[in-house]
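Visitor: Below is a structure I'd like to ask you about.
The values are calculated or read from the model by the stated rules, or taken from the named source; none is laboratory data. No experiment lies behind these values; they were computed from the predicted model shown. Cβ sites come from the backbone with ideal geometry, for glycine too, and all protein chains shown count toward neighbours. Side chains are part of the model used for accessible areas, which takes the heavy atoms of the whole protein and leaves out ligands, DNA and RNA. Shrake-Rupley method; radii C 1.70, N 1.55, O 1.52, S 1.80 Å.
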Amino acid sequence: MEIFKNHSLKQFNTFGIEATAGCFAELQNSDDLEKLLKQEEFSGQKKLILGGGSNVLFTDDFPGLVIHINTQGISIVGENGDDVMIEAQAGVEWHKLVLHTIELGLGGLENLSLIPGNVGAAPIQNIGAYGTEQKDCFESLTAVNLASGEIKKFSKKECRFGYRDSIFKNEFKDQFLILSVTYRLSRKPVFILGYGAVASELARMQVKEINSRAVSEAVCNIRRSKLPDPVLICNAGSFFKNPVVSAAHYLRLREKYPKIVAFETDDGNYKLAAGWLIEHLGFKGLRRGDAGVCATQALVLVNYGRAAGKDILALAHEIMNAVEKAFGVSLQPEVNIIGNDG
Ligand code: FAD
Ligand code: EPU
């Protein structure tokens with residue numbers, strides 16, 4: 001395995017930020033990892049695991065070791081009645097896994113079609129879209145402890161999944177490298193069509209028989225119409241999480257802003273559409289140099305070319321301050337900020 005010094009990360013983050021890694025290694029298999037972790041040179045160094053780089057913002061160079069995951073392989077590891085267990089290595093592109101399971105006639109991941117990035121990152125923020133989250137099909141994962149080299153299997157319960165959250169963003173932040181993830185999929189799935197425009201898109205497509213492939217195609221169509229393609233315009237998806245507020249707070253806001261968009265959560269709180277809050281304050285389409293707010297989706301910040309990570313972060317802070325002032329709501333970044341301000 002080759003190790004590169006002072007390696008550019010520009011091609012490895014979808015925000016297209018120019019930042020440098022002190023050292024950079026690409027992991028093709030777990031033997032490489034064992035060798036890498038044993039090297040004296042890296043024992044005391046900070047380490048950053050990078051998959052597709054679609055949920056990170058570099059605000060500085062990273063002085064330590066960046067481990068880019070490129071391990072491949074998808075296999076069936078168990079069956080139980082109509083359930084089939086599929087294990088994917090961390091470097092597999094997420095959407096490839098989704099398409100592979102659809103090819104096998106399995107359902108469960110179709111609503112998560114076209115989410116950028118790799119399998120190894122999916123449990124980190126418990127990726128979600130169109131009424132489902134990866135936790136709904138999650139069975140287990142294996143990960144290596146970066147300090148001890150020990151390999152541990154995590155059950156669903158141990159991962160403590162929440163809305164864009166898991167134990168790997170909290171107590172175990174930056175401590176484990178996820179090697180593989182196993183999902184429990186079904187030959188007889190129940191489709192979730194009630195969220196957003198999924199049902200109406202299926203109707204528009206004149207789908208006769210609802211199956212995983214049709215739902216996946218509908219989700220892909222909606223996503224392509226709403227979200228900017230990072231290949232064409234650099235971004236990392238939603239920059240902020242949708243904030244959750246108490247029912248009382250929501251009712252106060254609704255009185256003042258009757259058009260505010262919100263969804264009741266299972267515990268009686270309200271999840272506000274942050275895109276609406278940001279758009280309402282006039283930020284949609286705003287540009288500060290090469291840092292901007294997407295013109296079609298206010299929750300997405302974009303780099304028009306030469307913005308630095310700090311420029312994007314400054315715009316994010318401007319938005320957070322304005323939202324706090326107007327609505328008394330504290331926006332939390334969903335994107336992982338990597339640098340001294342992160
Ligand atoms: P990276 O950006 O490389 O890493 C993200 C974090 O995970 C970092 O902290 C990194 O250190 C850590 N990490 C990565 N791999 C590993 C590993 N193997 N072991 C341990 N830690 C690891 N997200 C959603 O939830 N829903 C969406 O609908 C959605 N839509 C998006 C649309 C666009 C256009 C874009 C650009 C992003 C979108 N995202 C969405 C965010 C992003 O796709 C997900 O967060 C995805 O899981 C990131 O995968 P990645 O491989 O690119 O992770
Ligand atoms: N809205 C506006 N203006 C905007 C954007 C949105 O008013 O500029 C309002 C609209 O009323 C819209 C509502 O917000 O109906 C919700 O918007 P949308 O359906 O686009 O979803 P979102 O809440 O902005 C979330 C996720 C996305 C995920 C979609 C679909 C978060 C932080 N984001 O976005 O995930 O794809 O729902 O499920 O939860 C990501 O995490 O990176 C991501 C893209």
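Visitor: Please go through the stretch 150-163 and give me each residue that is open to solvent by 40 Å² or more (accessible area, probe 1.4 Å) and either in contact with a strand residue (DSSP E or B) (Cβ under 8 Å, 6 or more places away or on another chain) or of a type in the set (Gly, Ala, Ser) (or both), ordered by number.
Guide: Keep residues of the stretch 150-163 that are open to solvent by 40 Å² or more (accessible area, probe 1.4 Å), which gives 150-153, 155-158, 160, 163.
Selection gives Glu150, Ile151, Lys152, Lys153, Ser155, Lys156, Tyr163.
Visitor: Something else about it: Any residue that is more than 16 Å from ligand 1 (Cβ to nearest atom) and in contact with a strand residue (DSSP E or B) (Cβ under 6 Å, 6 or more places away or on another chain) - is there at least one of those in the stretch 222-236?
Guide: Checking the stretch 222-236: not a single residue is more than 16 Å from ligand 1 (Cβ to nearest atom) and in contact with a strand residue (DSSP E or B) (Cβ under 6 Å, 6 or more places away or on another chain).
Visitor: Go through the stretch 99-112 and count every residue that is more than 15 Å from the chain's Cα centre (by Cα) and either among the acidic types (Asp, Glu) or closer than 18 Å to Val190 by Cβ (or both).
Guide: So the count comes out to 9.
Visitor: For the stretch 164-197, enumerate the residues that are open to solvent by less than 30 Å² (accessible area, probe 1.4 Å), of a type outside the set (A, V, I, L, M, F, W, C) and within 14 Å of Leu109 (Cβ to Cβ).
Guide: Thr182, Tyr183, Ser186
Visitor: Just to be sure I understand the filter: pairs with C-beta atoms under 6 Å, separated by 6 or more residues or on different chains, first member in the stretch 201-216 and in the same structural domain as Gly105 (by TED's automatic domain parsing), second member at pLDDT 95 or above and open to solvent by 40 Å² or more (accessible area, probe 1.4 Å). Which pairs pass?
Guide: Qualifying pairs under 6 Å: Glu201/Asn221; Ile210/Phe191; Val215/Phe191.
Visitor: Moving on. Please work out if Leu331 is within 15 Å of ligand 2 (Cβ to nearest atom), buried (at least 17 other Cβ atoms within 10 Å of the Cβ) and either assigned to a helix (DSSP H, G or I) or not charged (D, E, K, R) (or both).
Guide: Judged against the criteria, Leu331 is a match.
Visitor: Quickly run through the stretch 126-179 and pick out the residues that are charged (D, E, K, R), in a loop (DSSP other than H, G, I, E, B) and touching a residue at least 24 places away in the same chain (Cβ under 8 Å).
Guide: Listed by number, the residues that qualify are Arg164, Asp174.
Visitor: I would also like to ask the following. Residue check: is Ile210 within 16 Å of ligand 1 (Cβ to nearest atom), in contact with a Phe, Trp or Tyr (Cβ under 8 Å, 6 or more places away or on another chain) and over 19 Å from Pro333 (Cα atoms)?
Guide: So Ile210 fails the test.
Visitor: Could you grab the pairs with beta carbons closer than 9 Å, sequence gap of 6+ or different chains, first residue in the stretch 1-19 and at pLDDT 95 or above, second one polar (S, T, N, Q) and not in a strand (DSSP E or B)?
Guide: Asn13/Ser54; Thr14/Ser54; Thr14/Asn55; Phe15/Ser54; Ile17/Thr59; Ala19/Asn13; Ala19/Thr59
Visitor: Would you confirm whether or not the stretch 298-312 contains a residue that is open to solvent by 60 Å² or more (accessible area, probe 1.4 Å) and basic (Lys, Arg)?
Guide: The answer is yes; a qualifying residue exists.
Visitor: Tally the residues that are within 16 Å of ligand 1 (Cβ to nearest atom) and free of Cβ contacts under 8 Å to residues at least 60 places away in the same chain, restricting the search to the stretch 281-296.
Guide: Kept after step one, since they are within 16 Å of ligand 1 (Cβ to nearest atom), are these residues of the stretch 281-296: 291-296.
Cutting the leftovers down to free of Cβ contacts under 8 Å to residues at least 60 places away in the same chain gives us 291-293, 295.
So the answer is 4.
Visitor: Does Ala274 count as within 11 Å of ligand 2 (Cβ to nearest atom), under 21 Å from Gly117 (Cα atoms) and out of contact with any Gly (no Cβ under 6 Å at 6 or more places or on another chain)? Let's see the steps before the verdict.
Guide: Values: within 11 Å of ligand 2 (Cβ to nearest atom): yes; under 21 Å from Gly117 (Cα atoms): no; out of contact with any Gly (no Cβ under 6 Å at 6 or more places or on another chain): yes.
Answer is no for this residue.
Visitor: A further question follows. Restricting attention to the stretch 198-240, which residues are open to solvent by less than 40 Å² (accessible area, probe 1.4 Å) and small (Gly, Ala, Ser)?
Guide: Ser212, Ala214, Ser216, Ala218, Ala236, Gly237, Ser238
Visitor: Next up: Among the residues of the stretch 31-57, which ones are out of contact with any Leu (no Cβ under 6 Å at 6 or more places or on another chain) and within 13 Å of ligand 1 (Cβ to nearest atom)?
Guide: Within the stretch 31-57, Lys46, Leu48, Leu50, Gly51, Gly52, Gly53, Ser54, Asn55, Val56, Leu57 meet the criteria.
Visitor: Scan the stretch 115-141 residue by residue and report those that are more than 8 Å from ligand 1 (Cβ to nearest atom) and open to solvent by 40 Å² or more (accessible area, probe 1.4 Å).
Guide: Those that are more than 8 Å from ligand 1 (Cβ to nearest atom) and open to solvent by 40 Å² or more (accessible area, probe 1.4 Å): Gly131, Lys135, Asp136, Glu139.
Visitor: Turning to a different aspect of this structure: Assess whether Asn221 counts as being of a type in the set (S, T, N, Q), touching a helix residue (DSSP H, G or I) at 6+ places or on another chain (Cβ under 9 Å) and not assigned by TED's automatic domain parsing to the domain that holds Tyr195.
Guide: Against the criterion (of a type in the set (S, T, N, Q), touching a helix residue (DSSP H, G or I) at 6+ places or on another chain (Cβ under 9 Å) and not assigned by TED's automatic domain parsing to the domain that holds Tyr195), Asn221 does not qualify.
Visitor: Being under 22 Å from the mean Cα position of the chain (by Cα), farther than 30 Å from Lys310 by Cα and open to solvent by less than 40 Å² (accessible area, probe 1.4 Å) is true for just one of Ile86, Ile74. Which residue is that?
Guide: Ile86
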